[in-house]
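Visitor: Before I ask anything, here is the structure I am working with.
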Amino acid sequence: MSDELIQIETPFAFNEENQRAFDALIGRYPIKEAAMLPTLHLAQKQAGYITPAVMKYVAEQLEVSVMKVKDVVTFYPMFFEEPVGEYVIRVCHTLPCALRDCKVVLDHLKEKLGTDVASETNLAKGTTADSKFTLMKVECLASCDVAPVIMVNDDLYKNLTPEKVDEILDNL
Amino acid sequence: MIEEKRILYEHLDVPDINTFDVFRQYDGYTRFEKAIAEYQPEDIAKMVMDSGLKGRGGAGFSTGLKWSFVPRDIKPCYLCCNADESEPGTFSNRYVLEKNPHLLIEGILICCYAMGIETTYVYIRGEFTLGKKMLDAAIKEAYEKGYLGKDVRGTGLNIDIYTHPGAGAYICGEETGLIESLEGKRGQPRNKPPFPAVEGVFGKPTVVQNVETLCNLPFIVGNGVEWYTQMGPTYADTRANPPTPDPNTGTKLYCISGDVNEPGVYELELGLTSTELIEVAGGLRGEEVKAVIPGGSSAPILTHYELDTRLDFTSLTLAKSMLGSGGIIVMNETRNIVDCLLNIMKFYAHESCGQCTPCRWGTPWVRDIVQRIADGNGRKSTITRPKFGVAENGRWGDTGETEEIYEDLDLLESVANNIANVDTMTWNTICVFGIAVSWPAVSYMRKFRPEFEAAIREGKLVTLSVAEATVPPEENYAYQQRFVPKEFADL
């Protein structure tokens, strides 16, 4: 992909801390491309979501084509190509959670946040108007013994009920 | 009452076991030290082979045999630790990573020593942020104490461990998908052969092992093969002459969830039955067991007639199911099997990597059929078989009986079996994801057919009683072929 095709809103570059983390990463692999996933995680943490500028920057750092980065970004559900809220709420809805009434939790969150559930191609659908929350359904979070569970950004919350959900949201 | 046999999980709840000093108090790293002091690398590989340890990740392949395929003369060789625990119903690796990461490091060290490996990548699923943090901290400590890095403990071994985060794709738990993902690409599985043992990550020989498998190694080395093989049954494979021993040795971290009173991870010797396991997990929540998924959502379901099947690799394979990753999901009499299948098929339709056409198109198709049945729009038709006889009006004519044909159930089975055929165990896809789709689809439908028929007939989900919903054992395709293998000792 040539530069003209990429619409760059804001140029992207790693901040000092992430640059250091990136430098440590790159030495771990015999080929640079292998650092793709950790690098994208770092970039997403800094930029909020993967913009075309981020992809271009990552491609330059790893010495691969932008298309290859795009290829990876579109494959993995944890990379966002659209802006998301400050808090990303992931609700597990696979069988063990479903057997423990995750639907009640999801419905409660929908009502409380006043938003629908995001789909992978339309994250805005699940994002609140104030851009504070994004609500999404995810597949098994490997915590079936404490179902139903949700993840708010990096933190896992267990054995949920609507009351507990209220408490979590109030404490954010 | 069966008691837990905690080996891997023995010190899990000790406070601060995640730190080097506390881990050291509980024999931490002594097994690795014993390995390098007393044994040659080949001895360790032989011990693992003799222990009968089978891979705990899902396929249940002999670990010793896997190691024997790795060419010793091609360097570098890599170890990939599979911590991409994504199979619905499985959650045992999470606790090892979060609470006792040094045990995993010790297991990795022993494997590295045995196989002459210098670099290990631990592929942790992206959602395990806490697990990754704890493991990273433990690795840092191990470097400081001289158990990792250059010239480990003055032995001349160089061993590095790096963690590598995934990004939410289920298919990266498949070993070649994991390798692709580790190389920075889409996690789409590779054609085999070449197997990873010969040509894996970065084109080099690679050993891929699950967290739980690696955590078994310190105990095999520390306590000896004899101690290890006493746990769990060893069957005789009578297909060979003379019969060959088929070991199901060691303990398993059984993850039990769903309708039980105390869901959680229970470490038990291999070979107990579902009924016993439910009892260990605080009993059933509800009146009756309707169904049990024995090995993660990919495994064919067991009916209440099959609860005496022993939960080990061999017995479940003979019962046309699998132990898989040991994720046991229990369903009570209030559950609707059509609804459960719909949930699972949504999962697979979402997680298909899209590489092979039968899976990319077939999986959403199966999901849509089940959705249609669950919505009450399942297709059926009636056919009349012509028969000449005295009709109702007293004249000679056609007296054919009408029969209801559940078209959608035939279609469901046909589509699923064309992704991967569960009867012949052949799949039209590159990886075994195909069989992980068709196994639940076909087994749920065949074993709980009355419930599927009722949903189509009534035009809505109908939850039948356990007795009504289950196909009786004499008509159950899997039950008929089942036999409980004799213990090797009894032979």
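Since every read-out is calculated from the coordinates, none of them should be taken as a lab result. Quick caveat, the model's predicted, so the values are computed rather than measured. Heads up, the Cβs are rebuilt from the backbone with ideal geometry, glycines too, and the neighbour counts pull from every protein chain shown.
Visitor: Alpha carbon centre of the stretch B:224-240 versus the stretch B:265-284: separation in Å?
Guide: Answer, in whole Å: 20.
Visitor: Next question. Given the pairs B:K252/B:K320; B:K252/B:K346; A:K68/B:K204; A:K137/B:K290, which span a C-alpha to C-alpha distance of over 25 angstrom in this model? Before the final figure, lay out the partial values.
Guide: Numbers: B:K252/B:K320 20 Å; B:K252/B:K346 29 Å; A:K68/B:K204 23 Å; A:K137/B:K290 27 Å.
Beyond 25 Å between Cα atoms: B:K252/B:K346; A:K137/B:K290.
Visitor: What is the projected area of the convex hull of the Cα atoms of the stretch B:73-119, averaged over all directions, in nm²? Walk me through the intermediate numbers first.
Guide: Numbers: hull surface 15.8 nm².
So the Cα hull casts an average projection of 3.9 nm².
Visitor: For B:D423 and B:V198, calculate 0.36 nm times their separation in residues minus their Cα-Cα distance, and state this gained length in nm to one decimal.
Guide: Values: separation 225, 0.36 × 225 = 81.00 nm, distance 3.05 nm.
That pair, B:D423 and B:V198, stretches by 78.0 nm at full extension.
Visitor: In degrees, nearest 10, range 0 to 90: what is the angle between the Cα axis of helix B:41-51 and the longest Cα principal axis of chain B?
Guide: 30
Visitor: Using Stokes-Einstein with the Kirkwood hydrodynamic radius over Cα pairs, what translational diffusion coefficient do you get for the protein assembly as shown at 4 °C and a viscosity of 1.567 mPa s, in µm²/s rounded to a whole number?
Guide: Working: Rh = 26.3 Å.
So the translational diffusion coefficient is about 49 µm²/s.
Visitor: How big is the gap, in Å, between the Cα center of the stretch A:73-96 and the Cα center of the stretch B:404-475?
Guide: One Cα centre to the other: 31 Å.
Visitor: Between A:D23 and A:E120, take the C-beta separation as r, use R0 = 35 Å, and let me know the FRET efficiency to the nearest 0.05. Kindly include the intermediate steps, with their values, before the conclusion.
Guide: Working: r = 32 Å, r/R0 = 0.92.
Efficiency at R0 = 35 Å is approximately 0.65.
Visitor: According to a simple spin-label model (label point 7 Å from Cα along Cα-to-Cβ), what is the distance in nm between B:A137 and B:T238?
Guide: Reported label-point gap for B:T238 and B:A137 is 5.4 nm.
Visitor: Still on this structure, please answer the following. For the pair B:E33/A:K32, report the inter-label distance in nm, with labels modelled 7 Å from Cα in the Cβ direction.
Guide: For the pair B:E33/A:K32, the computed spacing is 4.4 nm.
Visitor: So which lysines pass the test for B:K34, namely a Cα distance under 21 Å, with those fewer than 8 places away in the same chain ruled out?
Guide: B:K46, B:K145, B:K150
Visitor: Can you give me the orientation-averaged projected area of the convex hull built on the Cα atoms of the stretch A:3-75, in nm²?
Guide: Working: hull surface 18.5 nm².
That works out to 4.6 nm².
Visitor: DSSP loop (so not H, G, I, E, B), at most 11 other Cβ within 10 Å: list which trypsin sites (Lys or Arg not before Pro) in the stretch B:177-279 pass both filters. Spell out each step's value before the answer.
Guide: Numbers: sites: B:K185, B:R186, B:R190, B:R239, B:K252; in loops: B:K185, B:R186, B:R190, B:R239.
Sites meeting the loop and neighbour criteria: B:R239.
Visitor: OK, next. Where the Cα atoms of chain A are projected onto their three principal axes, how long is each span, largest first, in whole Å?
Guide: Principal-axis extents of the Cα atoms in chain A, largest first: 49, 33, 27 Å.
Visitor: Read phi for every residue in the stretch B:231-241 and hand back ³J(HN,Hα) as whole Hz from Karplus 6.51 cos²θ - 1.76 cosθ + 1.60, θ = phi - 60°, with x for Gly and Pro.
Guide: 8, x, x, 10, 9, 9, 7, 7, 6, 8, 10
Visitor: Given H placed on each backbone N at 1.01 Å, which residues far from B:V208 in sequence or on other chains put an amide H within less than 5 Å of it?
Guide: Amide H neighbours of B:V208: B:C80.
Visitor: Taking 7 Å along the Cα-to-C-beta vector as the label spot, tell me the A:E63-B:R72 distance in nanometres, rounded to one decimal.
Guide: About 3.6 nm, to one decimal.
Visitor: Let me ask something additional. Ignore the peptide's own chain and count Cβ atoms of other chains within 10 Å of each Cβ in B:178-185; give me the average, rounded.
Guide: On the way: counts 0, 0, 0, 6, 4, 7, 16, 9.
Taking the mean over all residues of the peptide, I get 5.
Visitor: Something else: Any aspartates and glutamates with Cα under 12 Å of the B:K140 Cα? List them, leaving off those in the same chain fewer than 8 positions away.
Guide: Within the straight-line cut-off, B:K140 pairs with B:D160.
Visitor: Compute the long axis of helix B:337-351 from its Cα atoms, compare it with the longest principal axis of the Cα atoms of chain B, and write down the angle in degrees, 0 to 90, nearest 10.
Guide: So the helix axis and the longest Cα principal axis differ by about 50 degrees.
Visitor: Separate question: Please get the size of the charge dipole for the stretch A:1-128, origin at its Cα centre, with Cβ charges of +1 on Lys and Arg and -1 on Asp and Glu, quoted in debye to the nearest 20.
Guide: Values: 13 positive and 18 negative charges, 100 e Å.
For this selection, approximately 480 debye.
Visitor: Follow-up. Treating the angle as unsigned and between 0 and 90°, give the value, to the nearest 10°, between the Cα long axis of helix B:129-144 and the longest Cα principal axis of chain B.
Guide: So the helix axis and the longest Cα principal axis differ by about 20 degrees.
Visitor: Is there a simple number for the mean count of other chain Cβ atoms within 10 Å of the Cβ of residues in A:26-37, and what is it? Kindly include the intermediate steps, with their values, before the conclusion.
Guide: Numbers: counts 0, 1, 7, 9, 8, 3, 1, 3, 9, 2, 6, 13.
If you average over the peptide's residues, the count of other-chain Cβ atoms is 5.
Visitor: Pull up the cross-link candidates among the aspartates and glutamates for B:K132, meaning alpha carbon to alpha carbon under 15 Å and not fewer than 8 places away within one chain.
Guide: In chain and number order, the partners are A:D154, A:D155, B:D84, B:E85, B:E98, B:E141.
Visitor: Work out from phi, with θ = phi - 60° and the Karplus expression 6.51 cos²θ - 1.76 cosθ + 1.60, the ³J(HN,Hα) of each residue of the stretch B:12-22, listed in order in whole Hz, and give x for Gly and Pro.
Guide: 4, 9, 5, x, 6, 5, 6, 9, 4, 4, 5
Visitor: While we're here: Mark the label point 7 Å from the Cα of A:D130 along Cα→Cβ and return the residues of the stretch A:73-98 whose backbone N is within less than 13 Å of it.
Guide: A:86-87
Visitor: Could you work out how far the C-alpha centroid of the stretch B:81-117 sits from that of the stretch A:106-144, in angstrom?
Guide: Comparing the Cα centres of the stretch B:81-117 and the stretch A:106-144, I get a distance of 32 Å.
Visitor: Something else about it: Would you tell me the mean number of C-beta atoms belonging to other protein chains that fall within 10 Å of each C-beta in B:81-88, as a whole number? Working shown, then result.
Guide: Working: counts 0, 0, 0, 1, 3, 5, 3, 11.
Other-chain Cβ atoms within 10 Å of each residue's Cβ, averaged: 3.
Visitor: At most 13 other Cβ atoms within 10 Å and a DSSP loop assignment: could you name the trypsin sites (Lys or Arg not before Pro) in the stretch A:137-172 that fit? Walk me through the numbers on the way to the answer.
Guide: On the way: sites: A:K137, A:K158, A:K164; in loops: A:K158.
The qualifying sites are A:K158.
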